[in-house]
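Data block below; observations after.
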Amino acid sequence: MLLTDTHTHLYSESFEEDRHDMVKRAIDAGVQTMLLPNIDVSSIGPLTSLVNEWPEHIFGMMGLHPCSVGTDVDKQLSIIKTELYSGDYLAVGEMGVDLYWDQTYLEEQKHAFRTQVAWAKELDLPIVLHVRDAFEEVFALMDELNDDRLRGVFHCFTGGESEIKRICDYGGFYFGIGGVITYKKSGLSEIAPLIPEELLLLETDSPYLPPTPHRGKRNESSYLTLIAQRLADSRQVSIERIAEVTTANARELFRM
């Protein structure tokens with residue numbers, strides 16, 4: 001059984017003490033492929049070092065996270081663009097809009113969104129979308145920018161039936177299912193069966209959002225098996241089926 005973690009921050013300082021062992025645990029658990037989203041200029045070095053260390057298992061994306069957007073947005077975008085255009089990356093990301101913590105830089109987040117979508121279209125790469133308390137803002141941007149050159153994933157999807165329909169209508173967009181599906185009060189296990197099978201992806205977003213029974217602790221890619229099992233249970237299929245479908249979907253989207 002082969003699994004693909006399409007969103008994991010393995011370069012995080014949270015793994016400083018046991019990073020090598022943590023990656024090995026994931027591989028031993030069947031998580032043969034792990035995709036790393038970039039955060040900002042400061043994470044480029046740690047990300048690329050990990051990709052170089054595990055070239056058969058770990059692959060990078062390059063983008064600017066909305067929570068790192070501020071007054072220096074154009075400076076960061078310039079550096080990240082240079083890295084993206086000169087490197088071998090599978091996607092532009094993670095990018096998007098986050099209004100959970102702070103709405104001060106909403107216009108700058110929109111500017112970064114439009115800029116990174118332009119890169120994705122030019123390079124024929126998917127985008128990896130971070131959306132937190134901002135579905136309407138992201139949908140407005142997508143309505144403006146979406147065309148047949150754009151594809152990607154709504155990472156850590158936590159929306160409902162109406163959001164599923166809206167995303168499906170864009171065409172070429174997938175749903176990243178993470179540890180939230182194991183949380184009893186999230187409602188995601190009831191919503192997940194409504195997502196077309198061919199649009200499902202698995203992710204951990206480690207070290208964040210650990211699945212039950214690890215809530216309150218550090219998340220890691222080996223826990224993807226718990227997420228896969230909960231998704232399988234919610235859709236009343238085998239975990240082997242979920243592994244097969246989500247790995248095939250990841251290969252399709254990221255053209256691996």
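The values are calculated or read from the model by the stated rules, or taken from the named source; none is laboratory data. Keep in mind that this is a model prediction, so the values were computed, not measured. Backbone-built Cβ (ideal geometry, glycine too); neighbour counts: all protein chains shown. Please note that ligands, DNA and RNA were not included when accessible areas were found on the heavy atoms of the full protein model with its side chains. Shrake-Rupley method; radii C 1.70, N 1.55, O 1.52, S 1.80 Å.
Residues of the range 124-139 that are open to solvent by 60 Å² or more (accessible area, probe 1.4 Å) and part of a helix (DSSP H, G or I): Glu136 alone. In the range 183-229, of all residues being assigned to a helix (DSSP H, G or I) and small (Gly, Ala, Ser), the one that is nearest to Leu36 (Cα to Cα) corresponds to Ser221.
Under the condition of being over 19 Å from Thr8 (Cα atoms) and among the aliphatic types (A, V, I, L, M), the residues counted in the range 226-244 number 3. Being touching a helix residue (DSSP H, G or I) at 6+ places or on another chain (Cβ under 6 Å), farther than 26 Å from Asp21 by Cβ, of a type outside the set (D, E, K, R) and open to solvent by less than 40 Å² (accessible area, probe 1.4 Å) is a property that does not hold for Phe157. Is it true that Arg114 is among the basic types (Lys, Arg) and buried (at least 16 other Cβ atoms within 10 Å of the Cβ)? No. When the range 65-87 is limited to residues that are part of a loop (DSSP other than H, G, I, E, B), at pLDDT 95 or above and farther than 20 Å from Val138 by Cβ, the one that is most open to solvent (accessible area, probe 1.4 Å) turns out to be Thr71. Counting the residues of the range 20-40 that are open to solvent by less than 80 Å² (accessible area, probe 1.4 Å), part of a helix (DSSP H, G or I) and either touching a Ser or Thr at 6+ places or on another chain (Cβ under 8 Å) or without any contact (Cβ under 8 Å) to a residue 12 or more places away in the chain (or both) gives 3. Within the range 83-106, residues that are touching a residue at least 12 places away in the same chain (Cβ under 8 Å) reach partners that are assigned to a loop (DSSP other than H, G, I, E, B) and among the acidic types (Asp, Glu) with beta carbons closer than 6 Å, at six or more positions or on different chains, in the pairs Leu99/Asp133; Tyr100/Asp133.
I need a count of the residues in the range 161-182 that are open to solvent by 20 Å² or more (accessible area, probe 1.4 Å) and assigned to a loop (DSSP other than H, G, I, E, B). Going through the range 161-182 one residue at a time, the tally reaches 2.
When the residues of the range 230-244 are filtered to those that are assigned to a loop (DSSP other than H, G, I, E, B) and either of a type in the set (A, V, I, L, M, F, W, C) or in contact with a helix residue (DSSP H, G or I) (Cβ under 7 Å, 6 or more places away or on another chain) (or both), the one that is surrounded by the fewest Cβ atoms within 10 Å (Cβ to Cβ) is Ser238. If you check Gly216 against the conditions, is it open to solvent by less than 30 Å² (accessible area, probe 1.4 Å) and either in contact with a Lys or Arg (Cβ under 9 Å, 6 or more places away or on another chain) or of a type outside the set (Asp, Glu) (or both)? No. Apart from one condition, Ser186 fits all of (1) among the small types (Gly, Ala, Ser); (2) under 19 Å from the mean Cα position of the chain (by Cα); (3) open to solvent by less than 10 Å² (accessible area, probe 1.4 Å); the exception is (3).
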